[in-house]
Every structure is written in C-alpha cells, then in structure tokens.
1. Using only the Cα atoms of the range 15-132, construct the convex hull and provide its projected area averaged over every direction, in square nanometres to one decimal.
2. Which ³J(HN,Hα) values in Hz, rounded to whole numbers, follow from the phi angles of the range 375-389 under the Karplus curve 6.51 cos²θ - 1.76 cosθ + 1.60, where θ = phi - 60° and Gly and Pro get x?
3. Please list, in chain and number order, the residues 5+ apart from GLY99 or on another chain whose amide H is under 5 Å from its amide H, with Hs placed from the backbone.
4. Under 5 Å between amide H atoms, partner at least 5 residues away or on a different chain: which partners does VAL149 have, H built in plane at 1.01 Å?
5. Find the centroid of the Cα atoms in the range 362-418 and in the range 162-234, then give the distance between the two in whole Å.
6. Give the residues of the range 163-179 whose amide nitrogen is closer than 20 Å to a point set 7 Å from the Cα of VAL390 in the direction of its Cβ.
7. Using Cα-Cα distances under 8 Å and only pairs 6 or more residues apart, what relative contact order does the range 376-490 have, in percent?
8. Evaluated at 20 °C with a viscosity of 1.002 mPa s, what Stokes-Einstein diffusion coefficient in µm²/s does the range 162-295 have when Rh comes from the Kirkwood expression over alpha-carbon pairs?
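What follows draws every value from the coordinates through simple rules; no lab data is involved. Small disclaimer: the values here were computed from a predicted structure and weren't measured. Virtual Cβ from ideal backbone geometry, glycine too; neighbours counted across all protein chains shown.
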Amino acid sequence: MNASRYFRNKPLAAYTRDIESSELHRSLGKWALTAIGVGAVIGGGIFVLTGVAANLYAGPALALSFLLAGIGCLFAAFCYAEFASILPVSGSAYAYSYGTVGELFAWFIGWNLILEYMMGATTVAVSWSKYFVKLLHMAGVHNIPLWLVNDPVSAREEALRLGIEAPVFAINLPALLVVLLVTWVLFRGIRESARTNNLIVAIKVCAVLFVVAVGAFYLTPANWHPFVPKRTVDATGTSHYGLPGVFTAAGIVFFAFIGFDAVSTQAQEAVNPTKDIPFAIMASLGICTLLYILVSLVLTGMVPYKTLDLGAPVASAFERIGLPWASLLITIAAVIGLVSVMLVMLLSQTRIFLNMAKDGLLPNGMFGSVHARYKTPWKSTLLVGFVAAVIAAVTPIEKATKMTSIGTLFAFAMICAAVLLLRRKAPHLHRPFRVRYVGLVATLGVVFNLLLMFSLDGATWVRFVVWSIAGIAVYFFYGARKSKLAQTTS
Ligand code: ALA
C-alpha cells in the first residue's frame, strides 16, 4: 500500500457532488444559524466556570480573560468562516482538512471533534444536573440521595466531605436522562429542533441580559479595585491573580466559547450556506463575547470576587445581594438554557459522522443512513445520544471539561493551519468570505490555540495521547481500507 495515499485530498469537485446529493432539509436562515451558534456557546462556561476563574485566578479582571479567550477564538472563527464559504458541507473541520491536508489528518481531526461535540455535550449534561439539583433544593426538595445525582468518583468525594459512608453504586441520573431527552428531540428532526432551539436560546439570552440589567443597579465600584489583583503563589507553586492569573482564567473560560464552530456543521441544512454560515459564525462569537464581558463586569462589580460561588456563581451572586427571586429565575433559565448546548453539540456530532460515513471512513449503514420521514441521521443520533448519556452518568465534570477543551483547541489550531495551506494550494479558488492578512491571523490562531493546549495538565495530555492513538488504530483498521477515496484512486 502506498503511504502517500494517506495524504491524498478529497477533490474539491467531490464536495459539490456531496452538496447536491444531500438528503437533508434546507430550512435554516442566517438568524436561525446564529441562534444555533449562540445556543451552543452560552452554557456551562458562563453559568459555572466564571466562579472558579474569577475567585481563584483573575479577580475583577475576569472580563479581560474573556476578552483574551474571545480573541483567540476569533482567529479560528475567521478561518472557519473562510472554509465554510468555500466548502458549505456539514463535515466542518473534518471536511475542510480532507480537502486540503489529506485523509489521515482529516480522520484525526474528525476523531478529535468527537471530544469537542460528544464530550462537550456530556460536560454540559453534568453541569445541567448540578443546576437541576439546585433547582430542586430551591423548590424544597432536599435529601436527594448522593448516589442518584453523582458519578461514582464525585459521589465518593462528596460522601467524604460530608463525613458519611460512601455509596457502593452511583449514577448521575439527571445527566443521563437529559441527554436521552435531547436525543429524542434530535431524532424527530431538525425543523422541530430548530424551533425548540430558538425558544431556548431566547430564554437564555434574556437571562443573561437580565443578569446585566438588574445587576447593573447593584454595582459597588470598590469591588473592581484593584482590577488586576496582586499576584500570589500557593504552596503547590500555582499562580493566582496578576497577569499569569488572567491567562490561566482565559484557559478556563475558553470552554465558554466552544460551540460557535458548530454552525459550520449545519451547512447542508442552510438555505444560503456560503454567505450565512460565515455570518452566523462571526455573529454568534461576537454576541457571546460581548455578553460574557458584560456579565463578568457585573458579577465582579456586584460582589467581592472572593465571595463568588464556585458551583453556581451567577445565581448565588444574586442571592448574596438579597434577590432570591432573581436567583431562582436565573437557575430556571440555566436549566432550560443548557439544554440547547447539548442539542447543538449532539446535532453537530451526528452531522460530522454523516460526512465521515459518506467518505467511507465510518460504516455507512450506521452513520450515514437518513430517516425516510424525519430526514435525520437517526441511527447515528440514537447511538451518539446513548453513548453520551452513559458517559455523562459516570464521568466527573473536570475530566470531561478538559478533554473537551484539548480536543477543540487541537481542531482550532489545525483549521488555522489548513486555511493557509489551501491558500497556497488553490490561490484562485472562489472564496465568498476571505480572511484578511491570512498569514498573520492563521499563524496567531495556531500559536494561540497550541499555547492554550499546553496550559492544560499532564493527566489531560496523557488521556489525549491515548485517545489519539486509539483513533489512529481505528483508522488503519477500518477507514484506510474502506475509504472511498482510496478505492477510487488505488
Ligand atoms: N460553550 C459551551 C458551554 O459553555 C460548551 O457550555
């Protein structure tokens, strides 16, 4: 077997055939696509991670951390937008790299997108479960058994903290059930999903605007001073606050931006993909960055940053200033709002699998078959939903978050590199959306995303390497032999 075939590209003309043969409904306009982006982005990151990021690392400069993470994502967003305008197919970064860098590389990106989308959905399901339990407490439901709302590791830790006997068995039932519910919605089809998604996004954006508008009346400017607290170093050598703290917090809140690229996976369901997908990518990133910066300023202005809760910081800050009703509203909105993140993440995952199956890299019978009536890749939807639900039921949140981030950062870095490659290989290709100063933007994109990857801990890297080796093994065992490209060119 000739090794060069692993680096062979899918011809760009083949993408045109994919687009023409698509069986999916084209029902999404530019604002529906933007809603998908915003729906995927605003979630556990802003509702949960802001607490840790501000309290332990950035202080009031949390807004700066969001700005930094947002700028990093902006480089990747530009590159995604250019690709999406050239190749309006739903395979996202996977498809783009197949058309530019080669099959093995594309497979590897696709494999990492599983971390972004399926693992991302799992992470959000676990955050959702936390908010759901908080809501139950607010409704007066206490004494929920630990083993019913925690993965086994967290249940043991929590039991230890409470000084009670650790349960022998534990399952995060709310996380499991919410993923199954989302799977059912997706199974029924994109039109219904888009409608549900729009409603949820509206609730979520209103909640965030509510936080900003109401919180603005309770600001104590003294809480912002000093804006960047003096750096300290703890016993383990970890820096807190100061500029290093601001960067660490940027790495943490990066998770809050994941999802804007999910818009690109909807290309085959978009009415006018070459224009609307780039628009929606940029618009959703812009809207979310602005909202995040405002929320960060308000939160750190409302209460001293050291009092921000590590679990549900937004809701708790309102409790602290004596507005329990506002806290309740925010908790309800979070419970509803996080659903749309899962919806888009799982939707995107199945669309990427669909593309990989059409290229022969995954079994077509399972991942490529589209339901005759609902026009959705139904078998894949059920499989992905089931696997995500089981993982959500047994995985601690920090591990899931870091795996999601490392896979996404890798895909972002690679997509920036691929955009440069394609400029060199096909300089005259029609690009409805063209990145300006592409050399600078794409290089900064690669550097920035790799730097953030290196800020993640060793254990996450080990998992990432094991995951990558498993992916390459699957490729050689299955994809390399079944690839349509390999068959037509060998
Ligand atoms: N950006 C998404 C969230 O914060 C993944 O939940």
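1. Details: hull surface 38.5 nm².
Computing the convex hull of the Cα atoms and averaging its projections yields 9.6 nm².
2. 6, 10, x, 5, 5, 5, 4, 5, 5, 4, x, 5, 5, 4, 4
3. LYS10
4. Residues meeting the amide H criterion: ILE171, LEU173.
5. Between the Cα centres of the range 362-418 and the range 162-234 lies a distance of 20 Å.
6. Correct set: 169-179.
7. Working: 42 pairs, mean separation 37.7, N = 115.
Relative contact order of the range 376-490: 33 percent.
8. Values: Rh = 19.4 Å.
Translational diffusion coefficient: 110 µm²/s.
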